[in-house]
Amino acid sequence: MLGLELATDPRWARLVETNIEEILTDHAWCEQKAASNAISIITMNPEHTELVTELLIIAQEELEHFQMVHEIIKKRGYEFGRERKDSYVNELYKARIKGGSRQQALVDRLLFSAMIEARSCERFKVLSENIKDEELAKFYYELMVSEAGHYTKFIGFARKYGEGLDVDALWKSLLKLEGEIIQNYGKSEQIHG
């Protein structure tokens, strides 16, 4: 379904288990950024009522996920650290199309968002299937399902608002680029790291 070119090595979950506090902090900040991203798209495209309605729901869900991760951090006696830099997302962001029409910018942003949701979904699946911590395995399974829904919404809106653009070709190009970028990751206790 996701079409990602490169799967995460399941051994990444073992690395994550060496520093649960770090992955949880990084994950919490990823959820906050996802909520901010949805709100940013709304701010730039208020004329699209259906988009605004659905992205408000996604933003709320992402904030709920942020809160859920934060609660796990507190419950386990961990310290919620400062925001982490997400080099993977920054590399994807640099590749976004510059200039062009508002329509092109919207479709590009929606595809960018879909890609991040797709990779997050895939990483949550790896964690849910490979991490020994049963509470976190169940938690990441539930989030995997949610992220898959977000991915589907973003792709659907890119197609809806991409009339006259070859959205499928743009998506395939982004998948190829992401496959090249992700080769450098999976080596740290970060959701995209």
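Read the figures in this text as sums done on the coordinates, not as results from a lab. Computed from a prediction, not measured in an experiment: that's the story for all the values here. Neighbour counts run over all protein chains shown; Cβ positions are idealised from the backbone, glycine included.
Quick one: work out Rg over Rh on the C-alpha atoms of region 18-101, Rh as Kirkwood radius.
The Rg/Rh ratio comes out at 1.07.
Spelling out what I want: for every residue of region 33-43, take phi, set θ = phi - 60°, compute 6.51 cos²θ - 1.76 cosθ + 1.60 (Karplus), and round to whole Hz; glycine and proline get x.
5, 5, 5, 4, 4, 4, 5, 4, 5, 4, 4
Per-residue HN-Hα couplings for region 81-90, Karplus 6.51 cos²θ - 1.76 cosθ + 1.60 at θ = phi - 60°, whole Hz, x for Gly and Pro?
Per residue, the Karplus-derived 3J(HN,Hα) values read x, 5, 4, 9, 6, 10, 4, 4, 5, 4 Hz.
Taking the beta-carbon count within 10 Å as an exposure proxy, list Thr8, Thr53, Thr25, Thr152 from fewest neighbours to most.
Thr53, Thr152, Thr8, Thr25
Hey, in the GNM for the chain with a 10 angstrom Cα cutoff, which one of Ile42, Ile155, Ile97 fluctuates hardest?
Between Ile42, Ile155, Ile97, it is Ile97 that shows the largest mean-square fluctuation.
Tyr78's amide H: which non-local residues (gap 5+, or another chain) put their own amide H closer than 5 Å, with H modeled 1.01 Å from N in plane and none for Pro or chain starts?
none
Can you list residues whose amide H is under 5 Å from Ile191's amide H, if they're 5+ apart or on another chain and H is modeled 1.01 Å from N?
For Ile191, whose amide H was placed from the backbone, the distant partners under 5 Å are His27.
From the backbone phi of region 179-193, what are the Karplus-calculated ³J(HN,Hα) couplings (6.51 cos²θ - 1.76 cosθ + 1.60, θ = phi - 60°) in whole Hz, Gly and Pro given as x?
Values per residue, Gly and Pro as x: x, 6, 5, 5, 4, 8, 10, x, 10, 9, 7, 10, 4, 9, x Hz.
Treat the count of other C-beta atoms within 10 Å as a stand-in for reagent exposure and order Phe154, Phe66 from fewest to most.
Ordered by Cβ neighbours within 10 Å, fewest first: Phe66, Phe154.
For a quick check: sort Asp86, Asp168, Asp26 by the number of other beta carbons within 10 angstrom, fewest at the front.
Ascending Cβ contact count within 10 Å gives the list Asp168, Asp86, Asp26.
Starting from the Cα of Lys98, draw a straight line to each of the lysines and keep only those under 27 Å, dropping any in the same chain fewer than 8 residues away.
Of all the lysines, those that pass the test against Lys98 - Cα under 27 Å, at least 8 places apart if same chain - are Lys33, Lys85, Lys153, Lys160, Lys172, Lys176.
Dividing the Cα convex hull volume of region 73-133 by residue count, how many Å³ per residue is that?
Hull volume normalised by residue count: 121 Å³.
Region 164-193 to region 4-23: how many Å between their Cα centroids?
One Cα centre to the other: 17 Å.
Quick one: which residues, 5 or more positions from Leu4 or on another chain, have an amide H under 5 Å from its amide H? H modelled 1.01 Å from N in the peptide plane, none for Pro or chain starts.
none
Compute the distribution of all C-alpha to C-alpha distances in region 12-182, in bins of 5 Å from 0, and list the percent of pairs in each, rounded to whole numbers.
Percent of pairs per bin, in order: 1, 8, 17, 21, 20, 15, 10, 6, 3, 1, 0.
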